[in-house]
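What follows is a set of notes on a single structure, which appears directly below.
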Amino acid sequence: MVGRRGVGKTALLNLFFHETDHSQTQCVRVDATESRSLPSMLTPAFHLALLRMSTVDAAKASAARGLRALSSFARGQKAKFADIDVELDYEPEAGLADNGDLDGDLTALLIQIGAAAKAADTALVILLDDMQYIEEAQLAALISALHRVSQLVLPVILVGAGLPQIRGRAGNAKSYAERMFDYPEIEPVIQQTSIGVPMDALK
Ligand SMILES: Nc1ncnc2c1ncn2[C@@H]1O[C@H](COP(=O)(O)OP(=O)(O)OP(=O)(O)O)[C@@H](O)[C@H]1O
Ligand SMILES: [Mg+2]
């Protein structure tokens, strides 16, 4: 969702979160900020989602592999993103999301999470607010990970919100981002005058 400040994007994301059937999806809510890196924000959200998936018998093995991938990912990225503050001590698996390159590791991680979601017969829904704050290389990594996951038809979806410039920023980060996402434009539902009377009532 793209739209100017105050049009209600966050209010809509919150509505999605509350109206989602949480028995059918694993919905995680992440608020981007200027001061935090994307890996540090995604790590605890993915941790929670994988723990929930691991309670489903059919998904135990793939969720456990996802948790090992997450542990390797957090360790491998800590050198670059010192704000990653979760301690995960799942046995790492050599070669899984651990080469230190954000693009490749986030892709490997998201593939594991997507596989766990599929095994659990659920879908991971990432509700990501204020995407304009995500640094371009980090945004590029997220887009390429989602692209790969969608090629593999794994059940992972991003519902993002941000100021109108996120469309151009996503396109700069990865040229195919323009075609990969819908960019619904959010307008204020009711335009109020300074005395609080809906504009339509004055026409
Ligand atoms: N359709 C709506 N119904 C009720 N309240 C709304 C609606 N749209 C916006 N608001 C209210 O307007 C204020 C701003 O909305 P919100 O924070 O969702 O905007 P935003 O688009 O996320 O802004 P920003 O770009 O600054 O993050 C909030 O107090 C919110 O509750
Ligand atoms: Mg907002």
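The values are calculated or read from the model by the stated rules, or taken from the named source; none is laboratory data. This is a predicted model, so every value here is computed, not measured. All Cβ positions, glycine included, derive from the backbone under ideal geometry; neighbour counts span all protein chains shown.
Being within 15 Å of ligand 2 (Cβ to nearest atom) and closer than 15 Å to residue 109 by Cβ is the requirement here; does residue 7 meet it? It is false that residue 7 is within 15 Å of ligand 2 (Cβ to nearest atom) and closer than 15 Å to residue 109 by Cβ. Taken over the range 1-42, the criterion of being among the basic types (Lys, Arg) and in contact with a Gly (Cβ under 9 Å, 6 or more places away or on another chain) is satisfied by 9 alone. There is at least one residue in the range 65-79 that is small (Gly, Ala, Ser) and under 20 Å from residue 120 (Cα atoms).
Scanning the range 4-40 for residues that are more than 16 Å from ligand 1 (Cβ to nearest atom) and part of a helix (DSSP H, G or I) returns 38, 39, 40.
Look at residue 121 and say whether it is loosely packed, with under 13 Cβ neighbours inside 10 Å, modelled with pLDDT of 95 or more and at positive phi. Yes, satisfied. Against the criterion of being touching a residue at least 24 places away in the same chain (Cβ under 8 Å) and surrounded by fewer than 17 Cβ atoms within 10 Å (Cβ to Cβ), residue 19 does not qualify. Yes or no: residue 77 surrounded by 18 or more Cβ atoms within 10 Å (Cβ to Cβ), more than 21 Å from residue 158 (Cα to Cα) and under 19 Å from the mean Cα position of the chain (by Cα)? For residue 77, the condition - surrounded by 18 or more Cβ atoms within 10 Å (Cβ to Cβ), more than 21 Å from residue 158 (Cα to Cα) and under 19 Å from the mean Cα position of the chain (by Cα) - is met. Considering only residues in the range 147-203 that are assigned to a loop (DSSP other than H, G, I, E, B) and among the small types (Gly, Ala, Ser), the one that is modelled with the highest pLDDT turns out to be 161. Residues in the range 149-166 that are buried (at least 17 other Cβ atoms within 10 Å of the Cβ) and not aliphatic (A, V, I, L, M): 3 in all.
For the range 129-143, a residue qualifies if it is within 16 Å of ligand 1 (Cβ to nearest atom) and either at positive phi or surrounded by 23 or more Cβ atoms within 10 Å (Cβ to Cβ) (or both), and the qualifying residues are 130, 131, 134. In this structure, does residue 51 turn out to be at negative phi, more than 16 Å from ligand 1 (Cβ to nearest atom), crowded, with 19+ Cβ neighbours inside 10 Å and in a helix (DSSP H, G or I)? No; evaluated as a whole, the condition is false for this residue. The residue that is surrounded by the most Cβ atoms within 10 Å (Cβ to Cβ), among those in the range 167-184 that are closer than 24 Å to residue 46 by Cα, in contact (Cβ under 8 Å) with a residue 24 or more places away in the chain and not charged (D, E, K, R), is 170. The residues listed here are 25, 20, 43, 33; of these, the one that is away from ligand 2 (no atom under 16 Å from the Cβ) and modelled with pLDDT of 95 or more is 43. In this structure, does residue 98 turn out to be among the acidic types (Asp, Glu) and either within 30 Å of residue 189 (Cα to Cα) or within 16 Å of ligand 2 (Cβ to nearest atom) (or both)? No; evaluated as a whole, the condition is false for this residue.
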